[in-house]
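To start, the structure under review is shown below, and the notes come after it.
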Amino acid sequence: MGNVTYAQTMSSIEKLFDDLTFEYVRQWKAKLPSRRVIGFLPIYIPREIIHACGMLPVGIFGAGDRIPVVRGDAYFQSYICHLPRTVVELALCGNFGDFDGFLFPSICDVIRNLSGIFKLQFENKLVRYLDFPQNFDPEVGGVFYRRILDDLINDLSSLNGLRPTNNNLNESIAVYNRSRRLLLDLVRLRTEKPHLLSAVDFYKLRRAGNTLSVEDFNALLENLLQFVGQIDAEPEDKIRVVVTGAFCEQPPLGLIKTIENAGCYIVDDDFQLGLTWFSQDIPDYSDDPLGALVESLLELKTFSSAVFEDDRMRGELLAERVLERKADGVIFCAPSFCDPALLDRPILERAMNKHHIKHTSLQYHENLGQFHVIKEQAGAFSDMIKLWE
Amino acid sequence: MEVQKESSMIKQKQMLAEHFMELSQVRETGRKVVYTFVPGNLAEFVSTFDMLPVYPEINALQSGMRKKSEEYIREAEDIGYSEDVCSYVKCDIGMMLQGNIGPTGQRLPAPDILLLSYTGCFVFMKWFENLRHLYPNTEIAMLHVPYQEAGRIEPAAVKYVKDQLIKSVIPKFEKVSGQKFDIDKLGRKLELAAQAENLLVDIFDSARHRPSPIDAYFGGVYYIGPIFTAFRGNEDCIDYYRELKAEVDYRVAKKLGPITPEGHLENERFRLVVEGPPNWTHFRDFWKMFYDRGAVFVGSSYTRVGGVYDDGFRHSSKDPLASLAEYCMGCYTNRSLPQRISLLERFIKNNHADGLLVNSIKSCNSFSAGQLVMMRDLEARLGIPVGFIETDLVDPRYYSFSNIKNRLDSFFQMLEQRQSIWIGDDSLSDDVLA
């Protein structure tokens, strides 16, 4: 990306966010005949493997309120969340024309069955459902996951004939480690000074991270870290909140803006959780890089509604995050009809009560257009904390 | 013969009453209690440890039939469960909060272990995570059953399930029950299970006759009762299915239709296959909308939710743990959409169905997501009329009689028109069709 100004950086991010035709993807792919593009649904997929196969992983997060849903509604009943409608709409309108395959991680029944719909509708594309292990014993879940990764490599390699070496995999792991470190630096900076980069801009930046090549994204992050550190701005009198529950279907930008304008700095959220799925580096010098990827997943410490809770009590993890981010409270912000987020909510609310952490909850769908109620609710939450805490 | 026909129902009722009686006496008997789910249920495995299973979905549907579910659901919503989530979960949690009184009016014991057989439904995982917080000292055993994403059971997936059983589930069951795992005992139970499964398949296959001697949906939920719950793998279960089969054979011989709440279905007019679970809160009224019009269900996907035996799978003692793994992975909602379509197509073709009905359930994304695509695919492929209605499992707020009736009226009109086109073609005799 070279040396560009802050305004240019934000403008390019904005452009990427607005572009539902994936022009960047088209240009990236056109540079080499062996290049392939793999779309993936939230939350996490091992992008390192796709990268090592010479391909571009691109996050598919629906289209929010930016397209009318004409055909997508004919695929899903009214009581199913909104994300798959815009995903299908985009697919049927040809917006994924440059995509060679699609990966669907095991996060809920809707995403699982969406993989079946893609299998039926797009027979000429690679469509894979990735069943991540819910058993975390290396000899049980580890063996199973290793097999899934082996199969994934076979499937991807069949698209361009390139099979990644251990060196390729290690290089890919290293470049994604770097990406996570840069992003976490930015998260930490925002924890200290959330007024330097608005929640909306930070969100758009991360959306860019799910479209750009990791190399381009890292360059962008490096530039931005320099710029943001130099900004001279005064913080406003706002509370600090962690927003959780929005890891799949994305909130409209207006909702994020509304929360912040109503007096809440969002100091942590799970909007683009997959980008920072691992908080530690994955070893990038291993003789067995696939083994390193497997081990990292089994030892995952990330708070996620899609991973069996086991002994990693989710409420405690959230309370730790609140403490770490010096947050004043939690906003549970889940899409309507999202089973994983909404079924976690009562557990998490009880945990927050136990830790005397204030919380409020709201629901949305990706094409929500009215934010008045949310403004009232977030404003009241902010006032309540400012006045009484 | 009326008495004979009712005898399987009476037997099932007795079996259930005894089971709930045993559950109510665990304090005295010391028997341990396992909460688990119907899809991918390991009934034989549980009874190998002399433990007693409780199925929260069954309790929820029973609450729905007894008109208790709305109260329970509201109770759960009062403590933070969203209106949008599965009504089974809320009904179960509400029932627990109100004292855990089961379908027979007896208090259900708390679980000693939660066997989270995570088969074909993501909500199961969230459900038991919630229960674990509500029963904080309870052991939880996760059995992750991989989805048939490639449309087949992969050997690596069988190994994964077996490994989980060996390394995680069995040690937890041994600890809770105080009994060592006995694989031979399990094998003997699996052989008994296979006998019951053979009988069940014969019963479902009888729907190819005209008139169909069974209703594979509304009647079907009774037929699957013992094999999908606590009884698979014991002698009582086999006796039940022998009795049921004798009743079905009698109806075939006499060319009688299935039993409805108002007696035998006479004048079978429409033969239907249905995708999706039934509504439980208005079960009788819902059923009546069909038998009043002479409609009988000759196939249903819901009756395969606790196991698919149509393509030859039977539990086996040859490799008991692998057999359990294959059973779990074969359950209907653990199958890919193309597999589900194939199964419905088989029901439609083999049992000479006139149409396909989708009962889309608000609570159940595992079934519902993708149903519209399946419906259109089958319509295009087979050229049959399709109908679509929406209800819920146990939340009566989502049951709208008028909406359902309007849609069914249109569906039956389509079927009638289709029949009027074919009315002149009486060349196919009953024997050929059968």
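Every read-out reported here was derived from the displayed coordinates using simple, explicitly stated rules and does not represent laboratory data. Here the structure is a predicted model, which means the values were calculated and not measured. Cβ sites come from the backbone with ideal geometry, for glycine too, and all protein chains shown count toward neighbours.
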Extent of region B:4-106 along each principal axis, from alpha carbon coordinates, in Å, largest to smallest?
40, 35, 28
Taking region A:197-288, the whole-percent share of alpha-carbon pairs separated by over 20 angstrom is 47 percent
So how strong a dipole does the protein assembly as shown carry about its Cα centre when Lys and Arg Cβ are +1 and Asp and Glu Cβ are -1, to the nearest 20 debye?
360 debye
Report the gain in length on full extension from residue A:122 to residue A:350: 0.36 nm times residue separation, minus Cα-Cα distance, nm rounded to one decimal.
77.7 nm
If I stretch the segment between residue B:150 and residue B:350 completely, what's the gain in nm (0.36 nm per residue apart, minus their alpha carbon distance), one decimal?
69.5 nm
What whole-number volume per residue, in cubic angstrom, does the convex hull of the C-alpha atoms of chain A give?
131 Å³
So, R0 is 56 Å and r is the distance between the beta-carbons of residue B:106 and residue A:5; what FRET efficiency does that work out to, to 0.05?
0.15
5 Å is the cut-off here: which amide hydrogens, built 1.01 Å from N in the peptide plane, fall below it relative to residue B:390, excluding neighbours closer than 5 in sequence?
B:360
Name the residue farthest towards the positive end of the dipole of chain A from the options A:86, A:194, A:319, assuming +1 on Cβ of Lys and Arg, -1 on Cβ of Asp and Glu, about the Cα centre.
A:86
What number comes out for the charge environment of residue A:324, summing +1 per Lys or Arg and -1 per Asp or Glu over other residues with Cβ under 13 Å away?
+3
Chymotrypsin sites (Phe, Trp or Tyr not before Pro) in region B:78-134 lying in a DSSP loop, each with at most 10 other Cβ atoms within 10 Å of its Cβ, come to none
Pairs B:32/B:167; B:318/B:349; B:245/B:318: which are spaced more than 31 Å apart, C-alpha to C-alpha?
B:318/B:349
Any chance you could check the Cα centroid distance between region A:165-233 and region B:215-234 for me, in angstrom?
55 Å
The answer for the per residue Cα convex hull volume of region A:3-160, in Å³, is 145 Å³
Pairs over 32 Å Cα to Cα, from B:255/B:362; A:29/A:238; B:13/B:90; B:11/B:162, come to B:255/B:362; A:29/A:238; B:11/B:162
Average beta carbon contacts from partner chains per residue of B:116-123, 10 Å cutoff:
3
What ³J(HN,Hα) values, in whole Hz, does the Karplus curve 6.51 cos²θ - 1.76 cosθ + 1.60 give for region B:333-350 when θ = phi - 60°, with x put for Gly and Pro?
6, 8, 9, 5, 4, x, 5, 5, 4, 4, 5, 5, 4, 4, 4, 5, 6, 5
Relative to the compact-globule scaling 2.2 N^0.38 Å, provide the ratio for the alpha-carbon radius of gyration of region B:151-261.
1.39
Here region B:26-36 yields Karplus 3J(HN,Hα) values (6.51, -1.76, 1.60; θ = phi - 60°; whole Hz; Gly and Pro given as x) of 5, 4, 6, 7, x, 6, 8, 10, 10, 8, 7
Dimensionless Rg/Rh of chain B, both radii on Cα and Rh by Kirkwood, sits at 0.96
What distance in nm separates the two pseudo spin-label positions at residue B:292 and residue A:193, each 7 Å out from Cα along the beta-carbon direction?
7.2 nm
Could you work out the mean projected area of the convex hull around the alpha carbons of region B:228-354, in square nanometres to one decimal?
9.4 nm²
Dividing the surface of the Cα convex hull of region B:80-226 by four yields a projected area in nm² of 12.7 nm²
Which listed residue (B:261, B:412, B:369) has the Cα farthest towards the positive end of the charge dipole for chain B, taking +1 on Lys and Arg C-beta and -1 on Asp and Glu C-beta about the Cα centre?
B:369
For region A:189-200, Karplus-derived ³J(HN,Hα) couplings (6.51, -1.76, 1.60; θ = phi - 60°; whole Hz; x for glycine and proline) come out as 4, 5, 4, 6, 9, x, 6, 7, 9, 5, 4, 5
Calculated diffusion of region A:260-362, Stokes-Einstein form, Kirkwood radius summed over Cα pairs, 37 °C and 0.692 mPa s, µm²/s
214 µm²/s
Skipping prolines and chain starts, which residues have an amide H placed within reach, meaning under 5 Å, of the one on residue A:364, given they are 5 or more residues away or on another chain?
A:334, A:336
Name the long-range amide H neighbours of residue A:269: under 5 Å, sequence gap of 5 or more, or other chain; modelled H, no Pro or chain starts.
A:243
Globularity index of region B:298-434, i.e. its alpha-carbon radius of gyration over 2.2 N^0.38 Å
1.24
Of B:303, B:279, B:342, which is farthest towards the positive pole of region B:189-347's charge dipole, taken about the Cα centre with +1 and -1 on the beta-carbons of Lys, Arg and Asp, Glu respectively?
B:342
Semi-axes of the equivalent ellipsoid of the protein assembly as shown: what are they in whole Å, largest first, if each equals the square root of 5 times a C-alpha gyration tensor eigenvalue?
47, 29, 27
So, in nm, how far is label residue B:246 from label residue A:70 when the simple model puts each one 7 Å beyond its Cα toward the Cβ?
6.4 nm
Cross-link reach from residue A:31 to aspartates and glutamates, straight Cα distance under 14 Å and at least 8 residues apart if same chain, gives A:23, A:98
So which aspartates and glutamates pass the test for residue B:159, namely a Cα distance under 13 Å, with those fewer than 8 places away in the same chain ruled out?
A:139, B:319, B:326
Going by Cα centres, region A:75-103 and region B:169-208 are how many Å apart?
41 Å
How many angstrom lie between the Cα centre of region A:337-389 and the Cα centre of region B:1-61?
41 Å
